[in-house]
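Everything on this sheet refers to the single structure shown next.
The values are calculated or read from the model by the stated rules, or taken from the named source; none is laboratory data. Computed from a predicted model, the values in this text were never measured in an experiment. Here Cβ is always computed from backbone atoms with ideal geometry, including for glycine, and neighbour counts include all displayed protein chains. Ligands, DNA and RNA are excluded from the accessible area calculation, which covers all protein heavy atoms including side chains. Shrake-Rupley method; radii C 1.70, N 1.55, O 1.52, S 1.80 Å.
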Amino acid sequence: MDIKHEIIEPNFTVRDIENFIGKNYHWHQRMEFLYVEKGYCNVNLAMKKYKAKTGDLICIHSGEIHELSSDSKEFLVKVFTFNPSLLQQLNTEFIYIKNHITIGMQKDAKINQIVKFLVEEIYEEYKNKKRLSESIIISDLIKLYSILARHFENLEMMENKNTTKFKVFQEALEYISKNYTENISLKSVAEKINYCESYVSTLFVAFTGVNFKTYIDTIRIKHAIDLLKKTDNTIAYIASECGFENLKTFNNTFKRITNKTPSKFREKNL
């Protein structure tokens, strides 16, 4: 399993996906909406598997490891990736939608129609880049998210995450991305950002669907995969460079995540 850490700099990006080649495990600090315009796709997200069909909207939160695949012959997904802070500009409280597949499953024609309109308008404004397009995009994005949050609140399918919690989580992610090669732990991360260990642990489960150890293991293994592919460094050296205490731990973790040993992975990818 090749888990990629995507670094997405702009506040907002849009792209079309018409096919998937192989596994596509990745994560990023931005949020993402994926709107299935045609066909269907399989989604592995937050330790669950979904099948998103035409009209479904997939909501992916910051830091969540996810993977998409599809063997649909006619397939098109619009991907909207954005800085979560855009959703906080008009609201002091950050709303966190608990469920990930939000539209077609509910069989709500009115909501589907509104979402489709907003998705299409955001897409056109981004592609055409007319005067004030960015303002319209942000406005539509906030409206889209707010409508979904209200809808799922009525179904008891969402929960509120205040701004402080989200900012703490972002601080933890930033610290990890800069220090994953060091011998860091949940305790050291919590101490660095001045919050208690149990609180930070709860945030990781809430925002990513996995515990701290699983999260940091995937980050380290992703970078190990890059080094195995791009360098001829020894496996022991790569293990050390990626923050593992010893070679045995690295080998066990690598196999658990990728289903291959580091040596077999390198052999296959030479």
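Quick notes on this structure:
- Residues of type lysines that LYS260 reaches as a straight line, Cα spacing below 25 Å, ignoring anything fewer than 8 places off in the same chain: LYS4, LYS23, LYS48, LYS49, LYS213, LYS222, LYS229, LYS230, LYS248, LYS268
- Trypsin sites (Lys or Arg not before Pro) within region 110-149, DSSP loop, no more than 15 other Cβ atoms inside 10 Å: LYS129, LYS130, ARG131
- Listed residue pairs exceeding 27 Å between alpha carbons, taken from LYS143/LYS178; LYS116/LYS165; LYS73/LYS127: LYS143/LYS178; LYS116/LYS165
- In order along region 30-44, phi translates into HN-Hα couplings of 8, 8, 8, 10, 10, 9, 7, 7, 8, x, 8, 8, 8, 10, 9 Hz, rounded to whole numbers, per the Karplus curve 6.51 cos²θ - 1.76 cosθ + 1.60 with θ = phi - 60° and x for Gly and Pro.
- Carbon/sulfur fraction of accessible area - region 118-267, other protein chains in place, 1.4 Å, %: 46
- Looking at region 209-270, the accessible area is 54 square angstrom per residue; that uses a 1.4 Å probe and ignores ligands, DNA and RNA.
- Counting 0.36 nm for each residue step from SER185 to ASP16 and taking away their Cα separation leaves a gain of 57.0 nm.
- For SER177 and LYS264, the difference between the fully extended length at 0.36 nm per residue and the C-alpha to C-alpha distance is 28.6 nm.
- Karplus (6.51, -1.76, 1.60) ³J(HN,Hα), θ = phi - 60°, over region 113-130, in Hz, Gly and Pro reported as x: 5, 5, 4, 4, 4, 5, 4, 5, 5, 4, 4, 5, 5, 5, 6, 7, 6, 7
- Among SER69, SER133, the order of accessible area from largest down is SER69, SER133, computed with a 1.4 Å probe on protein heavy atoms.
- Accessible surface for ARG15 stands near 80 Å², nearest 10, in the context of the full protein assembly shown (1.4 Å probe).
- Of the residues GLU125, GLU74, GLU197, ranked by 1.4 Å probe accessible area with the largest first, the sequence reads GLU74, GLU197, GLU125.
- Residue order by solvent-accessible surface for ARG266, ARG256 is ARG256, ARG266, largest first, with ligands and nucleic acids left out and a 1.4 Å probe.
- Table column - 3J(HN,Hα) (Hz), region 210-221, Karplus curve with 6.51, -1.76, 1.60, x for Gly and Pro: 10, 7, 4, 4, 4, 4, 5, 4, 5, 5, 5, 5
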